[in-house]
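Trainee: The structure is given below, and queries will be raised subsequently.
The values are calculated or read from the model by the stated rules, or taken from the named source; none is laboratory data. Values in this document were obtained by computation on a predicted structure and should not be read as measured data. A quick note on method: Cβ atoms are made from the backbone with ideal geometry, for glycine too, and the neighbour counts reach across all protein chains shown.
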Amino acid sequence: MNATLRRLSTVVMVMFLALMVSTSWIQFVAAGELNDHPRNVRGIYSALARDRGPIVVRGGEAIVTSVPVDDNFKYQRTYSEGDGGAASVYAPVTGYFSVNGTVTGMERYANSYLAGEDDSLWLDRLQNLVTGEEAQGSSVELTIDPKVQKAAWDALGDNIGAAVAIDPKTGAILAMVSKPSYDPNTLAVHNAGEATAASEALINNKPQVNSIGGEERLSPYGPTINRTINAIYPPGSTFKLLTAAAAIEYEGITPDTSIPAEDVYQLPGTTGDGGRVHNYGGQTCSDTGEMPLKDAMRISCNTAFLALANEVGADGMQQMFQDFGFTESIDIPMSTSVGAYPGLSDSATDDSAARIALSGMGQGDLRMTPLQVAMMSAAIANDGDLMEPYLVQSVRDSDLELVSQTKPSRYKSPFSSSTADALTEMMVEVVRDGSGTGAQISGVDVAGKTGTAEDDPRSPTLWFTSFAPADDPQVAVAVVLENEGQSTDESTGGALASPIAAQIMQAAISK
Amino acid sequence: MSALRPEENAPTRVAEALLLVVALALGMGGMWMVGHSIDNSLPEGFWTYSIVLAALAFTAHIVLRLRAPYADQVILPAVILLNSVSMATILRQDLAGIDGANASRHLMWTALGIIVACVALFVIKDHRSLRRLTYTAMIVGIVLVILPLVPGLGREINGARIWIYIGNFSLQPAEFAKIAFAVFFAGYLVANRDTLALAGKKFLGLQLPRLRDLGPILIVWAVSLAVLIGEKDLGTSLLFFGLFVGMLYLATDRVGWIVIGLAMFGAGAVVAWSIFSHVQLRVNIWLDAFNPDLMTGHSYQLVQGLFAMSYGGMFGAGWGEGYPEYIPFAFSDFIYASLGEELGLTGLLAILLIYLVIVQRGLRHAVGVRDGFGKLLAGGLAFVMALQLFVVVGGITRVIPLTGLTLPFMAQGGSSLLANWIVIALMLRISDAARRPSALPTRGALADPVPAAASGDAIAVGGAGPVQAETEAGAGRGATPDDATQIVRGVDR
């Protein structure tokens, strides 16, 4: 029987090995996935029971804090000291921390720091282990400038839309506003029932937007969506910046080059009325049917840019779109949505010549986030070097010692500095004497571009993107007003969105 | 004649004493950390628990010195370590106010278990005396298994009818039945192993046993399975069946038995799955644990256990830093997940290794012991512990469907503790016999009036084929190796 006993002992070894493997699998290999499971309340409970670090804006004001309370969670996450109005201003950035397991915004993406669990904090954890002190989270300082943020919030008023401001030289995000917003305090209550009720009420509360026919239409985005990075819109004429950039970079065109600017543009590969694109209200761009690129930009002549995009062609346009990094998601640290361009994404597979031509004025299947639109201005402002946008300025541990600091880094270089200069020159003209005069700031040269994007059957979406001062850029912005346009008249878009951008830029420059 | 008085040179068991100190220190350290993590002070009853555990451990140590001086010196400390770590875990859950966790009760049952083990070591002077109880054990086993089905006595709890109630006193008879069956299988198989091994037709290269040789075993097997399906306790049925097949293989060395066993179990499982909805549910929970519909209901416990373990990660959250309140039955059926949460992968692997040491030591002594009955009993008991661990831990870690068995020495529950301590007593008793210097004269020593034919070698080989074959007509009551050992025992006295 000894032989069978020895064989049985091997079987026992195999059985134990199986258990060790399965246990290791759960606790090591699959642990991350299981810990992130939406139904797993442990991470949240342990994070809540901990003295979670504050979120601080530039200047040192804490916009999110953990306040000790006398319940199971020990700490109540509090936004703007419980002031719902002030908390709404920062809600798209801070996100919220719900006992139900939903964690969004910085609360989610900077969690490892806030919870004090990041690998870079190992020394602190070791200290805590030795001293027996309770682990404290680190404070996360944002790049958000409260003055610019407040200006953007106030300037947007009651419009549905978003505004984002970037420092073009570093990529630091100075302001990030999304409207309508919400009060994270209502979602962070410790009563799970109340938290669920509040979040359901919010998610189902999608704002009503304007439509051409006047019928009731809801925005696809609720108040908890950060519209600057997670909503995509047709960029309209702001995209003419990219079309011009591609034409200058690849086709050797200059602002003074005369380009075709007919009254009507017949889309390539089409015949008849269906394929004809007119200028706004059937206006005439040029009596001669030709005009310099800079004039076409200044008055935002559609037919000129359709022809220009057609001349650049699909390869060039797609190349430039990709060179901006618009087909990639960025972790700012929140994940941004990717843009859509004909032939480059699943939602826009048709890259026929007609689609490419339409994209020249930011229409067709083209979709971009407000941050991406702001990045176009930022790249032009920074001599063709697009800096990687970021929100976390620095992380300090509970002893206020610096743990990490974001070093600005170049994200992409879509075009040369001479192209940037040419584009700047044209954008300055737009604000000085074109469709974007509403963005003028006295004593400062502003470079900008308007946009009015058709979004049938909804009303047009209005845009303005700009940077200032033109000779020494300190801020690049994008403002979007979701379906707030009354007509497709370009001056309307410029009239509504450009003053908002001006106020944001003013706040950023006068610091 | 020093060889015949082995006690004179018996080991002093210093190693065991030292290991016991280490084991108790780990348990006390656990309790200390639990108290400081939850209340920032020494936990209530810390010294009571520590002193009682230490006293019990050293009582068992002294009993072994007196009654089984050659017994394995690692098994007792290993079990004490598991038991005192579980003491700390259950104390932790008790302090956190988890409904059902009761540290003082756990201590009481631990004490009772160790005392019963000591008594067993006193009463059973030689494991071979159990062989006389072969058929008594069969009847006891069957009665124990049937008891929960008796109206008024048994009660269905959480979908399984495995408990009996006598007044305020509740018992899980199946835990004890596994010992009775191990004794019965060992006694029966040692007598009939040759007929089972050699007779029968060949089929597809496998030697199949004769049907009539299977009689008693089939009866036990059928009764236990039928009743267990009636009691809806899949884990125990798997345990008995595995024990049965394992011991049959041990005795006969015939792969055919394993094939037949697996085939029968597979068929039984498929039939049970197609007939019983609760079996189907178990399988669904196993395969599709993260289905949102199941997760809030039937697979809640399993998924919470997985979450707990993943939260523990490599090194665990630390004593008192987990969330056992979210795992139903964190103190009994799911203590493994709860341990994993607070002690981490490191802790669980250590615990598994300790179990492995116990089981492998048990098997090692089965190899070492001289009589066939002892080999089978020790092998069976060690295997049944390994199997129980596999069913419990495998269920929690999704290797197999979850069934309701308890982790030996760790889960809170009287029957489990008591029964497994008896298993340990038997293991220790057999290890003593295995490691005791042979009572037979060594080569060159003064000859004894022992028949040369009954030399230790012949017994140890166990096969002794030709002799067996001739006496086959004697149907097991004849000259099996154990009769030879009887003679040896006679000399021993």
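Trainee: Taking B:ALA308 as the residue in question, decide whether it is crowded, with 24+ Cβ neighbours inside 10 Å, within 22 Å of B:SER416 (Cβ to Cβ) and at the interface with chain A (Cβ under 10 Å from one of its Cβ atoms). Before the answer, list the steps.
Mentor: Numbers: crowded, with 24+ Cβ neighbours inside 10 Å: yes; within 22 Å of B:SER416 (Cβ to Cβ): yes; at the interface with chain A (Cβ under 10 Å from one of its Cβ atoms): yes.
The answer is yes for B:ALA308.
Trainee: Can you tell which of B:PHE265, B:PHE290 is closer than 29 Å to B:SER332 by Cα, in a helix (DSSP H, G or I) and touching a helix residue (DSSP H, G or I) at 6+ places or on another chain (Cβ under 9 Å)?
Mentor: Values: B:PHE290 fails: in a helix (DSSP H, G or I).
Within the list B:PHE265, B:PHE290, the selection yields B:PHE265.
Trainee: Take the residues of segment B:14-50 that are acidic (Asp, Glu) and closer than 19 Å to B:PRO324 by Cβ: which is surrounded by the most Cβ atoms within 10 Å (Cβ to Cβ)?
Mentor: To start, the set of residues in segment B:14-50 that are acidic (Asp, Glu) comprises B:16, B:39, B:44.
Narrowing the set further to residues that are closer than 19 Å to B:PRO324 by Cβ leaves B:39, B:44.
Details: B:ASP39: 12, B:GLU44: 15.
By that ranking, first place goes to B:GLU44.
Trainee: Something else: For segment B:273-297, enumerate the residues that are of a type in the set (A, V, I, L, M) and either out of contact with any Ser or Thr (no Cβ under 9 Å at 6 or more places or on another chain) or within 14 Å of chain A (Cβ to nearest Cβ) (or both). Spell out how you get there, then give the answer.
Mentor: Start the filter on segment B:273-297 by keeping residues that are of a type in the set (A, V, I, L, M), which leaves B:275, B:279, B:281, B:283, B:285, B:287, B:289, B:294-295.
Result: B:ILE275, B:VAL279, B:LEU281, B:VAL283, B:LEU287, B:ALA289, B:LEU294, B:MET295.
Trainee: In addition: Determine whether B:VAL303 is away from chain A (no Cβ under 11 Å) and assigned to a helix (DSSP H, G or I).
Mentor: Values: away from chain A (no Cβ under 11 Å): no; assigned to a helix (DSSP H, G or I): yes.
No, not satisfied.
Trainee: While we're on this one: Search segment B:319-336 for residues being touching a residue at least 40 places away in the same chain (Cβ under 8 Å) and of a type outside the set (A, V, I, L, M, F, W, C), and hand back the single one that is farthest from the other protein chains (Cβ to nearest Cβ). Steps first, answer last, please.
Mentor: Taking segment B:319-336 and keeping what is touching a residue at least 40 places away in the same chain (Cβ under 8 Å), we get B:319-321, B:324-325, B:329-336.
Applying the additional criterion that residues be of a type outside the set (A, V, I, L, M, F, W, C) yields B:320-321, B:324-325, B:332-333, B:336.
Details: B:GLY320: 12, B:GLU321: 8, B:PRO324: 11, B:GLU325: 10, B:SER332: 19, B:ASP333: 16, B:TYR336: 9 Å.
Filtering first and then ranking leaves B:SER332.
Trainee: Inspect segment A:64-74 for any residue being outside any loop (DSSP other than H, G, I, E, B), within 14 Å of another protein chain (Cβ to nearest Cβ) and out of contact with any Pro (no Cβ under 6 Å at 6 or more places or on another chain) and give the result as yes or no.
Mentor: The first filter runs over segment A:64-74 and keeps only residues outside any loop (DSSP other than H, G, I, E, B), leaving A:64-68.
Pick out the ones that are also within 14 Å of another protein chain (Cβ to nearest Cβ) and you get none.
Within segment A:64-74 (the criterion being outside any loop (DSSP other than H, G, I, E, B), within 14 Å of another protein chain (Cβ to nearest Cβ) and out of contact with any Pro (no Cβ under 6 Å at 6 or more places or on another chain)), the answer is no, since none of the residues qualifies.
Trainee: Being modelled with pLDDT under 95, within 18 Å of the chain's Cα centre (by Cα) and of a type outside the set (A, V, I, L, M, F, W, C) is true for just one of A:SER237, A:SER219, A:SER211. Which residue is that? Please lay out each step first, then the result.
Mentor: Values: A:SER237 fails: within 18 Å of the chain's Cα centre (by Cα); A:SER211 fails: within 18 Å of the chain's Cα centre (by Cα).
Step by step, each of A:SER237, A:SER219, A:SER211 is checked, and only A:SER219 is modelled with pLDDT under 95, within 18 Å of the chain's Cα centre (by Cα) and of a type outside the set (A, V, I, L, M, F, W, C).
Trainee: Is there any pair linking a residue in segment B:4-24 that is farther than 17 Å from B:ILE358 by Cα and part of a helix (DSSP H, G or I) to one that is among the charged types (D, E, K, R) and modelled with pLDDT under 95, with Cβ under 6 Å and at least six apart or on different chains, and which?
Mentor: B:PRO6/B:ARG436
Trainee: I'm told B:ASP371 meets every condition in (1) surrounded by fewer than 24 Cβ atoms within 10 Å (Cβ to Cβ); (2) over 17 Å from the mean Cα position of the chain (by Cα); (3) more than 10 Å from chain A (Cβ to nearest Cβ) except one. Can you identify the failing condition by its number?
Mentor: With (1) surrounded by fewer than 24 Cβ atoms within 10 Å (Cβ to Cβ); (2) over 17 Å from the mean Cα position of the chain (by Cα); (3) more than 10 Å from chain A (Cβ to nearest Cβ) applied to B:ASP371, the lone miss is (1).
Trainee: Determine whether A:SER347 is out of contact with any Gly (no Cβ under 6 Å at 6 or more places or on another chain), over 18 Å from A:GLU311 (Cα atoms) and at pLDDT below 95.
Mentor: Values: out of contact with any Gly (no Cβ under 6 Å at 6 or more places or on another chain): yes; over 18 Å from A:GLU311 (Cα atoms): yes; at pLDDT below 95: yes.
So A:SER347 passes the test.
Trainee: Further, regarding this structure: What residue, among those in segment B:118-175 that are surrounded by fewer than 17 Cβ atoms within 10 Å (Cβ to Cβ) and polar (S, T, N, Q), is farthest from the chain's Cα centre (by Cα)?
Mentor: Among those residues, the one meeting the criterion is B:ASN168.
Trainee: Of the residues in segment B:337-349, how many are facing chain A (nearest Cβ under 10 Å), within 14 Å of B:THR397 (Cβ to Cβ) and in contact with a Gly (Cβ under 8 Å, 6 or more places away or on another chain)?
Mentor: Residues that pass the stated criteria total 5.
Trainee: Failed condition for B:ALA251, given (1) at pLDDT 80 or above; (2) out of contact with any Leu (no Cβ under 6 Å at 6 or more places or on another chain); (3) in a helix (DSSP H, G or I); (4) within 13 Å of chain A (Cβ to nearest Cβ), with all others met?
Mentor: Of everything listed in (1) at pLDDT 80 or above; (2) out of contact with any Leu (no Cβ under 6 Å at 6 or more places or on another chain); (3) in a helix (DSSP H, G or I); (4) within 13 Å of chain A (Cβ to nearest Cβ), B:ALA251 misses just condition (2).
Trainee: Answer yes if at least one residue in segment A:292-302 is outside any loop (DSSP other than H, G, I, E, B) and surrounded by fewer than 20 Cβ atoms within 10 Å (Cβ to Cβ), and no otherwise.
Mentor: The first filter runs over segment A:292-302 and keeps only residues outside any loop (DSSP other than H, G, I, E, B), leaving A:292-298, A:302.
If we keep only those that are surrounded by fewer than 20 Cβ atoms within 10 Å (Cβ to Cβ) as well, we get A:292.
Checking segment A:292-302: at least one residue is outside any loop (DSSP other than H, G, I, E, B) and surrounded by fewer than 20 Cβ atoms within 10 Å (Cβ to Cβ).
Trainee: From the list B:PRO437, B:PRO401, which residue is closer than 24 Å to B:ARG361 by Cα and either of a type in the set (Phe, Trp, Tyr) or at pLDDT below 95 (or both)? Working first, answer last.
Mentor: Working: B:PRO401 fails: closer than 24 Å to B:ARG361 by Cα.
Every option except B:PRO437 fails the conditions.
Trainee: Filter segment B:250-296 down to the residues that are touching a residue at least 24 places away in the same chain (Cβ under 8 Å), of a type outside the set (A, V, I, L, M) and within 30 Å of A:ARG6 (Cβ to Cβ) and list them by number.
Mentor: Residues satisfying the conditions are B:THR252, B:ASP253, B:ARG254, B:GLY256, B:TRP257, B:PHE265, B:GLY268.
Trainee: When segment B:147-162 is examined, which residues are found to be under 20 Å from B:PHE276 (Cα atoms), hydrophobic (A, V, I, L, M, F, W, C) and touching a residue at least 12 places away in the same chain (Cβ under 8 Å)?
Mentor: Of everything in segment B:147-162, those that are under 20 Å from B:PHE276 (Cα atoms), hydrophobic (A, V, I, L, M, F, W, C) and touching a residue at least 12 places away in the same chain (Cβ under 8 Å) turn out to be B:LEU149, B:ALA160, B:ILE162.
For every residue, the table says whether it meets (1) in contact with a Cys (Cβ under 6 Å, 6 or more places away or on another chain); (2) closer than 30 Å to A:ASN230 by Cβ; (3) without any contact (Cβ under 8 Å) to a residue 40 or more places away in the chain; (4) of a type outside the set (Asp, Glu).
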residue: A:PRO268; (1), (2), (3), (4): no, no, no, yes
residue: A:GLY282; (1), (2), (3), (4): no, no, yes, yes
residue: A:GLY313; (1), (2), (3), (4): no, no, no, yes
residue: A:MET317; (1), (2), (3), (4): no, yes, no, yes
residue: A:GLN322; (1), (2), (3), (4): no, yes, yes, yes
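Trainee: Among the listed residues A:ALA476, A:ALA470, identify the single one that is buried (at least 18 other Cβ atoms within 10 Å of the Cβ) and modelled with pLDDT of 95 or more. If you could, list the steps in order and put the result at the bottom.
Mentor: On the way: A:ALA470 fails: modelled with pLDDT of 95 or more.
Exactly one of A:ALA476, A:ALA470 is buried (at least 18 other Cβ atoms within 10 Å of the Cβ) and modelled with pLDDT of 95 or more, namely A:ALA476.
Trainee: Here is a further query. Please determine, by comparing only the residues of segment B:351-363 that are more than 15 Å from B:ALA425 (Cα to Cα) and in contact (Cβ under 8 Å) with a residue 60 or more places away in the chain, which one is nearest to the other protein chains (Cβ to nearest Cβ). Please lay out each step first, then the result.
Mentor: Keep residues of segment B:351-363 that are more than 15 Å from B:ALA425 (Cα to Cα), which gives B:351-357, B:360.
Those left that are additionally in contact (Cβ under 8 Å) with a residue 60 or more places away in the chain: B:351, B:354-355, B:357.
Numbers: B:ILE351: 10, B:ILE354: 11, B:TYR355: 7, B:VAL357: 10 Å.
Across segment B:351-363, the extreme among qualifying residues is B:TYR355.
Trainee: Does B:VAL393 satisfy being more than 10 Å from chain A (Cβ to nearest Cβ) and not in a loop (DSSP other than H, G, I, E, B)? First the steps, then the outcome.
Mentor: Details: more than 10 Å from chain A (Cβ to nearest Cβ): no; not in a loop (DSSP other than H, G, I, E, B): yes.
When the stated conditions are applied, B:VAL393 does not pass them.
Trainee: Could you pull out the residue among A:ASN40, A:ASN35 that is free of Cβ contacts under 8 Å to residues at least 60 places away in the same chain, within 14 Å of chain B (Cβ to nearest Cβ) and of a type in the set (S, T, N, Q)? Before you say what the answer is, go through the steps one by one.
Mentor: On the way: A:ASN40 fails: free of Cβ contacts under 8 Å to residues at least 60 places away in the same chain.
Residue meeting the stated conditions: A:ASN35.
Trainee: With respect to the numbered conditions (1) more than 10 Å from chain A (Cβ to nearest Cβ); (2) without any contact (Cβ under 8 Å) to a residue 40 or more places away in the chain; (3) of a type outside the set (D, E, K, R), which one is the sole condition not fulfilled by B:GLY313?
Mentor: Here B:GLY313 meets the rest and fails (1).
Trainee: Sticking with this structure for a sec: Give B:ALA366, B:ALA382 a once-over and let me know the one that is touching a Leu at 6+ places or on another chain (Cβ under 7 Å), at the interface with chain A (Cβ under 7 Å from one of its Cβ atoms) and under 30 Å from B:PRO437 (Cα atoms).
Mentor: Numbers: B:ALA382 fails: at the interface with chain A (Cβ under 7 Å from one of its Cβ atoms).
Only one candidate qualifies: B:ALA366.
Trainee: Anything in segment A:7-32 that is of a type outside the set (Ser, Thr, Tyr), under 30 Å from B:LEU250 (Cβ atoms) and within 7 Å of chain B (Cβ to nearest Cβ)? List them, or say none.
Mentor: Initially, segment A:7-32 is screened for residues of a type outside the set (Ser, Thr, Tyr), giving A:7-8, A:11-21, A:25-32.
If we keep only those that are under 30 Å from B:LEU250 (Cβ atoms) as well, we get A:7-8, A:11-21.
Those that are of a type outside the set (Ser, Thr, Tyr), under 30 Å from B:LEU250 (Cβ atoms) and within 7 Å of chain B (Cβ to nearest Cβ): A:LEU8, A:VAL12, A:MET15, A:PHE16, A:ALA18, A:LEU19, A:MET20.
Trainee: Something else: For the structure I just gave you, tell me whether A:GLU81 is out of contact with any helix residue (DSSP H, G or I) (no Cβ under 7 Å at 6 or more places or on another chain) and under 30 Å from A:VAL164 (Cα atoms). Steps first, answer last, please.
Mentor: Numbers: out of contact with any helix residue (DSSP H, G or I) (no Cβ under 7 Å at 6 or more places or on another chain): yes; under 30 Å from A:VAL164 (Cα atoms): yes.
So A:GLU81 passes the test.
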